[in-house]
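Below is one structure; the comments refer to it alone.
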Amino acid sequence: SLKVAAYQRFFVLNNARAALEDDQLELYYQPKVRLSDGEPSGFEALIRWNAADGRVLGPGAFAEALSDPRLGVEIGSFVIRTALDQAERWTDEGLAFGSIAVNLSAAQFRDISTADFILREIEARGLAPRTLEVEVTEGVFLSPKSETVLEVCRKLKQHGVRIAFDDFGTGFASLTHLMEFPIDIIKIDRSFVSTLGQKANAGTIVSAIIGMCRAMGLEVVAEGVETEAQADFLRGSGCEIAQG
C-alpha cells in the first residue's frame, strides 16, 4: 500500500508539473454578488486543469501537487501572477471589478517570503493593494507552521491586502482566533448555507455568524448560495455578499 501511495503521489506531481509547463492550468473567476442589488462586488480566482483528455479538473484532483513544498509554491505563484494580470487588464479597460480573491496553498504560507513576492507583483502592475484578497483556511491557520502563516498575513494586511478566513465554522478554530488573526472577511462555509431551511439549527448558526461579524466590523460572505430562498434568508439576516 505504501508503494501504491508513493507511485500515485509521483504520478500526480509529475502530471501537475507538466500541466504547469504546458499552460494547461487556467483561472476561472466566480463573482461575489451583493445581495442588495445583484451586482458583483469582486471575484474569486478558481484554478482548473484543462487535461489532455478534455476533462476540466478542479484542485481536488491535484491536491498533492498544491501541498508539495516546491510545486505548490510554483503553482501558487502562477495563480497570483495570473490573477493580478487579469486585474491589470480589467483596470486598463476601466472596469470596476472590485477585487480578486486567491487561495494561497499551505506551501506558500510556510514560505516567509510569500508576502514580499505578492507585494512586489502588485506594485509591478501599479495596482492598489486592495485589488487582491488572500484567503486562508482553518486547516492552514491551525497548522504547525501557524506562526509563519500569521506573519505572512500580518505583513500583507499592513500593506493593504485584505485577508479572508475561508470555510469558517468547519474546523477547530475557536472564537479566540478571531481576535488574534488579522482578518477582514469571514466566509461562511457552504455546508451551513446548503442546509438552510432543512436543518433546524442551520439558520440560527448562520444568523449568529453574520451578527458576530457585523458587530466586529468584518465583512461576511456566504458561500454555496444556490437558491432564491437561501439568498432571501441571508439578505434578511444582514449578509451583504454571496457566492454560488
Residue list for region 179-208, filter: assigned to a helix (DSSP H, G or I) and surrounded by fewer than 20 Cβ atoms within 10 Å (Cβ to Cβ): MET179, GLU180, ARG190, SER191, ALA202, GLY203, THR204, ILE205, SER207, ALA208
Residue count for region 209-219, restricted to those that are touching a helix residue (DSSP H, G or I) at 6+ places or on another chain (Cβ under 9 Å), open to solvent by 20 Å² or more (accessible area, probe 1.4 Å) and aliphatic (A, V, I, L, M): 3
Within region 234-244, tally of residues that are surrounded by fewer than 21 Cβ atoms within 10 Å (Cβ to Cβ) and part of a helix (DSSP H, G or I): 2
Residues being touching a Ser or Thr at 6+ places or on another chain (Cβ under 6 Å), at negative phi and not aliphatic (A, V, I, L, M) - total across region 66-102: 3
Set ARG9, ARG48: member being outside any strand (DSSP E or B) and either among the charged types (D, E, K, R) or on the phi > 0 side of the Ramachandran plot (or both): ARG9
The lone exception for PHE78 - which of (1) surrounded by fewer than 21 Cβ atoms within 10 Å (Cβ to Cβ); (2) over 17 Å from the mean Cα position of the chain (by Cα); (3) modelled with pLDDT of 95 or more it fails: (2)
For LEU95: the one exception among (1) under 25 Å from ARG154 (Cβ atoms); (2) surrounded by fewer than 16 Cβ atoms within 10 Å (Cβ to Cβ): (1)
Residue satisfying condition, being under 20 Å from ARG34 (Cα atoms), open to solvent by less than 20 Å² (accessible area, probe 1.4 Å) and free of Cβ contacts under 8 Å to residues at least 40 places away in the same chain, within set ALA222, ALA231: ALA222
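The values are calculated or read from the model by the stated rules, or taken from the named source; none is laboratory data. Model, not experiment: these values are computed from the prediction. Cβ coordinates were reconstructed from backbone atoms using ideal geometry, including for glycine residues, and neighbour counts include every protein chain displayed. Heads up: the accessible areas ignore ligands, DNA and RNA and are worked out on the full protein's heavy atoms, side chains in. Shrake-Rupley method; radii C 1.70, N 1.55, O 1.52, S 1.80 Å.
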